[in-house]
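For reference, the structure discussed in these notes is given below.
The values are calculated or read from the model by the stated rules, or taken from the named source; none is laboratory data. Because the structure is predicted, anything quoted here is derived from the model rather than measured. Note: ideal-geometry Cβ built from the backbone for every residue, glycine included; neighbour counts use all protein chains shown. Note: accessible area is taken over every heavy atom of the protein model, side chains too, but ligands, DNA and RNA are not part of it. Shrake-Rupley method; radii C 1.70, N 1.55, O 1.52, S 1.80 Å.
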Amino acid sequence: MWTCKNLWKKLAPLARSSSTLCRQNARGVLFNNERRLPLVPQAHMSSGTPGGGGDNNLYYLLVGATCVGGGFYAYRTIKGDKERYQERINEIASRPNKVVPEQPITEAPGEQAAETPQEIAPVTEDAPVETPEVTPIVEEVSPEVAAVEQEDPPTTPEAEIATESVVEPAPEESVGMPDADPVVKSARSVSEEAVEQPSAPALIEPSVEPSPVEVTEEPPAPVEPTPVAGSLPAETAEPQTTTESAAEPATVAPAEVPAPTPVEFPSHAPYLLIGGGTASFAAARSIRARDPGARVLIITDEPDLPYMRPPLSKELWFSDDPSVVDTLRFKQWNGKERSIYFQPPSFYVSPQDLEKVENGGVAVLTGKKVVHMDVRGNKVTLSDDTEISYDKCLIATGGIPRNLQVIERAGEEVTKRTTLFRKVEDFKALDKVSRDTKSITIIGGGFLGSELACALGRRSADSDLEVIQMFPEKGNMGKVLPEYLSNWTTAKVKSEGVAVITEALVKAVSFKDGKVEIKLKDGRVVKTDHIVAAVGLEPSVELAKSAGLEVDSDFGGFRVNAELQARSNIWVAGDAACFYDIRLGRRRVEHHDHAVVSGRLAGENMTGANKPYWHQSMFWSDLGPDVGYEAIGIVDSSLPTVGVFAKATAKDTPKAATEKSGTGIRSESETEGTANSPVASSTPEPPPVPEQKDNYGKGVIFYLRDKVVVGIILWNVFNRMPVARKIIKDGEEHADLNEVAKLFNIHDD
Amino acid sequence: MSSVKEEGKDRVIFVTKEEHEAPSNAELVEEDPDDPYEERGLILPNGEINWNCPCLGGMASGPCGASFKEAFSCFHYSKEEVKGSECLEQFRGMQECMQRYPELYPQEDDKETQGGPSEKDPSKHDSAPEPTPTPPVQDSSPSTAPADTPPPSNSSASG
């Protein structure tokens with residue numbers, strides 16, 4: 001007894017401190033081990049009266065020991081978590097090396113339940129790979145392997161379990177799920193378990209790095225799984241068959257789990273560009289220039305590789321080549337021919353090779369639309385349910401042509417005779433229509449409408465095609481050019497052979513007696529065979545909802561800041577971007593050069609540049625050989641303008657200007673050839689311009705907002721854009737714009 | 001003599017050549033050569049090469065971009081008497097790469113692209129003909145390239 005008492009006296013403080021320790025640890029252990037909880041409260045009592053008897057002592061000893069043990073256990077768990085997390089991250093990072101990581105964490109089995117919540121949290125959030133894959137840890141969670149798992153196991157053995165879309169008959173990496181007690185799974189154990197799966201065992205290797213291993217259910221798989229070097233989308237491989245042959249020794253990637261499944265596309269792209277147009281291509285180029293070895297994936301829903309749009313409504317129509325519709329080649333201003341495609345197919349890397357190719361590259365996935373974006377998880381979902389994760393993403397989805405409601409409601413007979421012009425296929429279709437019909441009506445008097453009208457008008461010179469253009473404004477480019485110039489332009493368009501109907505509001509459209517009948521508000525009726533609606537562009541912002549991105553209500557499009565950023569890893573460029581222009585305010589620009597400039601800027605910012613939109617993009621238009629202009633900034637006809645024109649001389653036409661400077665605008669051949677024909681569509685009179693009074697041969701027009709020049713048009717004056725850009729950049733108030741106009745030397749060529 | 005017309009909110013001035021001969025008194029803001037926002041030419045203010053210069057077209061970003069960068073960097077930093085003489089290896093490598101993509105890097109012509117750009121880089125001029133396909137950027141983005149590029153014709157920006 002006495003000994004006990006003494007012993008107790010000695011132990012008491014120890015017991016007390018251990019109980020405190022216990023209490024503290026208990027909190028940590030709490031989550032892990034509820035069971036132990038009940039013991040804790042007991043500890044409180046120990047600090048009270050030193051209980052009396054040996055029993056109590058023993059009791060306290062036991063409690064103390066248990067608490068210490070629990071504390072130790074908890075500490076180990078937490079530390080283990082960190083390690084495991086770190087391992088996983090490292091594995092992910094070393095993924096490209098396809099190194100086999102060490103044996104996965106192996107914790108005491110008892111941890112399962114406990115781990116689950118914690119594990120998933122850190123890992124899933126951070127793994128660049130889709131969540132589903134990470135969940136493997138939680139194998140318990142059933143094989144969600146949702147239909148398409150792009151797997152790309154973060155090389156953790158567990159990952160293998162990850163799941164490849166179970167959907168496929170192919171025995172993907174086995175989802176060891178079915179059995180196994182998750183958590184502690186070593187690669188080997190997985191393989192064992194996977195034995196059931198046909199071919200799986202043979203295929204599974206400790207580190208699965210089958211990035212190329214993909215499962216796709218779709219036939220329209222862009223690329224052939226087997227290393228068809230450089231071949232690009234377009235082919236419809238039979239992904240299915242390859243998928244089926246599970247045992248296929250996926251030769252695609254070196255040392256890895258041979259893709260039992262066809263590699264359709266990468267499951268992760270460091271740089272993901274949604275949309276395959278001008279902005280996207282410019283960004284890809286910028287990224288590749290700045291980040292050596294970058295791997296860029298472009299996803300487009302069009303079947304074509306990135307191409308430039310302007311020639312579709314201009315140069316391609318003036319080509320002498322009858323097969324232009326197939327070759328899509330045109331003559332540039334310097335006389336050289338080129339294709340509308342930015343680069344030929346050999347420039348691109350095939351999607352499945354993207355992750356492996358030594359110096360990286362740009363891959364294009366055609367015919368796929370991104371339908372959902374998970375910003376938190378940094379991944380997108382395609383229309384075929386494939387998921388692709390990214391590090392940085394660019395949205396360059398552009399837009400789709402608007403249509404008139406009256407046409408949409410007019411019934412199939414009308415809609416099938418209506419063209420909404422934007423893509424290559426629209427060009428091809430319209431070209432055919434122009435040869436097969438007798439009358440085409442273009443609704444819309446802006447850039448596209450006027451350019452198409454001139455192009456078709458030019459074509460009508462050689463055929464009996466009737467070309468009509470109608471729009472609500474008073475003249476062509478009515479929303480851009482000041483009235484006097486718009487009127488002048490309209491006269492030119494008319495001389496190209498187009499019947500222009502101004503102040504025309506379409507009230508109803510119907511199909512009658514084999515003709516499309518357009519009824520205008522003022523009663524006029526126009527009968528035609530085909531309609532081309534060029535009434536604007538609707539920016540494609542469908543992803544805004546799933547991605548949680550802001551859409552601008554004034555201009556439409558995704559709202560982004562001056563650096564074109566929408567959210568941390570997401571940028572938007574091109575037609576779809578409503579950005580903040582430091583000089584000119586918030587705007588959205590639908591021009592080619594803007595797509596290039598903004599795409600390039602976005603690419604720079606995606607590689608860390610952090611530059612705002614500063615270099616002002618420009619645009620230009622040519623409406624026949626006599627009317628050509630370049631413009632920059634905000635060119636809105638509702639603003640007050642000051643135009644400074646040169647009193648003309650014979651030398652002032654785009655044709656003359658280009659001949660002199662060697663910058664050929666377009667196929668002059670045509671112009672010259674038909675110069676003498678009686679048909680008005682050819683060049684109106686040669687040089688001697690009409691009387692000076694109304695002659696706006698060449699000059700500069702300034703658009704003012706609060707006395708500051710915000711936009712400039714260089715009318716038939718070329719190669720002066722840097723000066724114009726400088727004036728806008730300065731943003732100064734100039735007292736006499738005539739003085740500013742002097743800077744342009746409009747009288748010179 | 002110039003004439004001025006007012007058409008509502010729009011003012012129109014017709015001027016003769018003589019009138020515009022007198023130097024302008026319009027004031028322009030002085031340029032800051034170190035402005036970080038400005039588009040840069042081929043060589044950055046700190047002496048490095050701007051791989052993203054539109055003047056390079058797609059040279060630095062295509063499949064042979066890596067070898068092009070090596071060759072050109074070697075040339076750029078070369079201090080030899082005959083600049084770039086020690087870079088033959090790199091240029092050879094670049095040429096080999098380019099030969100593998102004849103479609104992208106046509107070997108025959110293209111010694112001159114659109115004036116300006118290639119002039120800035122004689123070495124490139126010699127061994128790496130500026131491929132025709134690349135001008136897209138030049139077509140539209142005047143940025144640094146001599147303004148002549150964009151030209152009113154090429155790819156115009158239509159709606």
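If packing is taken as the average count of other Cβ atoms within 10 Å, what order do A:457-464, B:24-31 fall into, highest mean first? Before the final figure, lay out the partial values.
On the way: A:457-464: 17.6, B:24-31: 12.6.
The packing order, highest mean first, is A:457-464, B:24-31.
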Just report the Cα centroid separation between the stretch A:489-568 and the stretch A:424-440, whole Å.
19 Å
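Using only atoms on other chains, find how many Cβ atoms lie within 10 Å of each Cβ of peptide B:57-68 and report the average.
Numbers: counts 1, 9, 1, 5, 17, 9, 12, 1, 9, 6, 1, 0.
For this peptide, the per-residue mean of nearby foreign Cβ atoms is 6.
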May I ask you to derive the relative contact order of the stretch B:59-113, considering only C-alpha pairs under 8 Å and at least 6 residues apart, and to give it as an integer percent?
28 percent
Radius 14 Å from Cβ of A:Ser450, net charge of other residues (Lys, Arg +1; Asp, Glu -1)
+1
Roughly speaking, what is the centre-to-centre gap between the stretch B:14-73 and the stretch A:597-635 when only Cα atoms are used, to the nearest Å?
14 Å
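How crowded by other chains is A:699-708, given as the mean number of beta carbons from other chains within 10 Å of each beta carbon? It would help to have the intermediate numbers written out before the result.
Working: counts 4, 1, 3, 1, 1, 2, 0, 0, 0, 0.
Mean number of neighbouring Cβ atoms from other chains: 1.
About its Cα centre, what dipole magnitude does the stretch B:59-113 give when the only charges are +1 on Lys and Arg Cβ and -1 on Asp and Glu Cβ, stated in debye to the nearest 20? List each step's numbers first, then the result.
On the way: 6 positive and 11 negative charges, 43 e Å.
Here the size comes out at about 200 debye.
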Out of the stretch A:342-394, which GluC sites (Glu not before Pro) are coil in DSSP terms and have no more than 10 other C-beta atoms within 10 Å?
A:Glu358
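Under a Cβ-Cβ cut-off of 10 Å, what is the net charge of the residues other than A:Lys474 that fall near it, where Lys and Arg count +1 and Asp and Glu count -1? Walk me through the numbers before you get to the answer.
Values: positive: none; negative: A:Glu473, A:Glu483, A:Glu503.
Result for the local shell: -3.
Once you sort the root eigenvalues of the Cα gyration tensor of the stretch A:461-511 as a ≥ b ≥ c, which label holds: rounded (a/c under 1.5), prolate (a/b larger than b/c) or oblate (the other case)?
It is oblate, given that a/c is not under 1.5 and a/b is not larger than b/c.
Divide the volume of the convex hull of the Cα atoms of the stretch B:59-113 by its number of residues and quote the answer in cubic angstrom per residue. It would help to have the intermediate numbers written out before the result.
Values: hull volume 4.8 nm³, N = 55.
About 87 Å³ per residue, rounded to a whole number.
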DSSP-loop trypsin sites (Lys or Arg not before Pro) across the stretch A:315-345, with at most 15 other Cβ within 10 angstrom
A:Lys336
Rounded to whole Hz, the Karplus (6.51, -1.76, 1.60) HN-Hα couplings of the stretch A:383-395, x for glycine and proline
5, 9, 6, 6, 10, 10, 9, 9, 9, 10, 10, 10, 9
If each part is reduced to its alpha-carbon centroid, the stretch A:699-749 and the stretch A:271-343 end up apart, in Å, by 31 Å
Could you report the accessible area of A:Tyr307 in Å², rounded to 10, computed with a 1.4 Å probe on the protein chains as they sit in the structure?
10 Å²
Given H placed 1.01 Å from N in the peptide plane, which residues other than close sequence neighbours of A:Leu564 have an amide H under 5 Å from its amide H?
A:Tyr580, A:Tyr613
Amide H neighbours of A:Val480 under 5 Å, at least 5 residues apart or on other chains, H built in the peptide plane: list them.
A:Ser637
Could you tell me which of the pairs A:Lys379/A:Lys545; A:Lys742/B:Lys17; A:Lys611/A:Lys707; A:Lys479/A:Lys611; A:Lys379/A:Lys611 are separated by over 20 angstrom between their Cα atoms in the structure shown?
A:Lys611/A:Lys707; A:Lys479/A:Lys611; A:Lys379/A:Lys611
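Could you sort A:290-303, A:611-624 so that the peptide with the highest average Cβ count within 10 Å comes first and the rest follow in order?
Output ranking for A:290-303, A:611-624: A:611-624, A:290-303.
How high is the FRET efficiency between B:Ser85 and A:Arg376 when r is their beta carbon distance and R₀ equals 51 Å, given to the nearest 0.05?
Between B:Ser85 and A:Arg376 the formula returns 0.40.
Let me know the charge dipole size of the stretch A:335-385 about its Cα centre in debye, to the nearest 20, where only the beta-carbon of Lys, Arg (+1) and Asp, Glu (-1) is charged.
On the way: 7 positive and 7 negative charges, 45 e Å.
It comes to approximately 220 debye.
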Based on the mean of other beta carbon atoms within 10 Å per residue, what is the order of A:443-453, A:312-322, A:397-407, most packed first?
A:443-453, A:312-322, A:397-407
Using 1/(1 + (r/R0)^6) with R0 = 35 angstrom and r between the beta carbons of A:Asp55 and A:Arg76, what's the FRET efficiency to the nearest 0.05?
0.65
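Across the residues of A:626-638, average count of Cβ atoms on other protein chains within 10 Å?
On the way: counts 0, 0, 4, 2, 7, 1, 1, 0, 0, 0, 0, 2, 1.
Mean shielding by partner chains, rounded to a whole number: 1.
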For A:Arg402, other-chain or 5+-apart residues with amide H closer than 5 Å (H placed, Pro excluded) are A:Val535, A:Gly536, A:Leu537, A:Glu538
For A:Glu358 and B:Lys17, what is the calculated FRET efficiency with R₀ set at 51 Å and r taken between the beta-carbons, to the nearest 0.05?
0.30
Trypsin sites (Lys or Arg not before Pro) within the stretch A:480-560: which are DSSP loop residues with at most 16 other Cβ atoms inside 10 Å?
A:Lys521, A:Arg524
Surpassing 28 Å at the alpha-carbon level, of the pairs A:Lys336/A:Lys428; A:Lys314/A:Lys438; A:Lys432/A:Lys474; A:Lys356/A:Lys423, are A:Lys432/A:Lys474; A:Lys356/A:Lys423
